[in-house]
1. Within the stretch 58-71, can one find any residue that is on the phi < 0 side of the Ramachandran plot, at pLDDT below 75 and of a type in the set (Gly, Ala, Ser)?
2. Suppose the filter is at pLDDT 90 or above, open to solvent by less than 60 Å² (accessible area, probe 1.4 Å), assigned to a loop (DSSP other than H, G, I, E, B) and over 24 Å from Ser33 (Cα atoms); does Gly86 pass it?
3. Given Gly104, Gly125, Gly96, Gly81, which one is open to solvent by less than 70 Å² (accessible area, probe 1.4 Å) and in a loop (DSSP other than H, G, I, E, B)?
4. Count, please, the residues in the stretch 107-122 that happen to be assigned to a strand (DSSP E or B) and more than 15 Å from the chain's Cα centre (by Cα).
5. On the given criteria, is Ala91 in contact with a Phe, Trp or Tyr (Cβ under 9 Å, 6 or more places away or on another chain), modelled with pLDDT of 90 or more, surrounded by 12 or more Cβ atoms within 10 Å (Cβ to Cβ) and of a type in the set (Gly, Ala, Ser)?
Amino acid sequence: MWRMLNDSRVYFFVVALLSASGAASAASCQSSSLTGFTSSIDLSGNGLVLHWALDGTQATLRMALEAKSGSGAESGWISAGWSADGRMYPADCVVGNLPGGEIGAYYMSGYGDADVVPTSSFSLGSAAMLTSNGGTIMQ
């Protein structure tokens, strides 16, 4: 679960994803199928699903990104990022890898490998990589 406290960029990220997917209307959002999340939206029509829950009391947004491959693959990666202007960089991002389930918080200043560096500008909380029903979930 990603925990980002008092960070308006996170809300921009969710709104930008919803707008970019053409699903900005409330009618496009659905209840989440994942435990601990309230809402979800299929961003691509091909199984890239964003799940979220907002806790206004603690000013916390919890998110999970699910990639449904259908292949049952137990390796690969999944990533999500956000920036103040909606561009790929400069941006904060979260990257998760399988196998092993490593998840890291990074800052991107460009397209090259050397431009992606670990950051402590936000907390990942109890982040986890899971496989379920032929898909990969980063939460």
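1. Looking only at the stretch 58-71, we keep the residues that are on the phi < 0 side of the Ramachandran plot, and these are 58, 60-69, 71.
Subset that is at pLDDT below 75: 58, 69, 71.
Cutting the leftovers down to of a type in the set (Gly, Ala, Ser) gives us 69, 71.
Yes, the stretch 58-71 contains a residue that is on the phi < 0 side of the Ramachandran plot, at pLDDT below 75 and of a type in the set (Gly, Ala, Ser).
2. Working: at pLDDT 90 or above: no; open to solvent by less than 60 Å² (accessible area, probe 1.4 Å): yes; assigned to a loop (DSSP other than H, G, I, E, B): yes; over 24 Å from Ser33 (Cα atoms): yes.
It is false that Gly86 is at pLDDT 90 or above, open to solvent by less than 60 Å² (accessible area, probe 1.4 Å), assigned to a loop (DSSP other than H, G, I, E, B) and over 24 Å from Ser33 (Cα atoms).
3. Numbers: Gly104 fails: in a loop (DSSP other than H, G, I, E, B); Gly96 fails: in a loop (DSSP other than H, G, I, E, B); Gly81 fails: in a loop (DSSP other than H, G, I, E, B).
So the residue among Gly104, Gly125, Gly96, Gly81 that is open to solvent by less than 70 Å² (accessible area, probe 1.4 Å) and in a loop (DSSP other than H, G, I, E, B) is Gly125.
4. So the first thing to find is which residues in the stretch 107-122 are assigned to a strand (DSSP E or B), and the list is 107-108, 116-118.
In the following step, the residues that additionally are more than 15 Å from the chain's Cα centre (by Cα) were identified as 108, 116-118.
The total comes to 4.
5. Values: in contact with a Phe, Trp or Tyr (Cβ under 9 Å, 6 or more places away or on another chain): yes; modelled with pLDDT of 90 or more: yes; surrounded by 12 or more Cβ atoms within 10 Å (Cβ to Cβ): yes; of a type in the set (Gly, Ala, Ser): yes.
When the stated conditions are applied, Ala91 passes them.
The values are calculated or read from the model by the stated rules, or taken from the named source; none is laboratory data. From a predicted model like this one, the values you see are computed outputs, not experimental measurements. Note that we place each Cβ from the backbone using ideal geometry, even for glycine, and neighbour counts take in every protein chain shown. The protein model used for the area step is the full one, side chains on, heavy atoms only, and it has no ligands, DNA or RNA in it. Shrake-Rupley method; radii C 1.70, N 1.55, O 1.52, S 1.80 Å.
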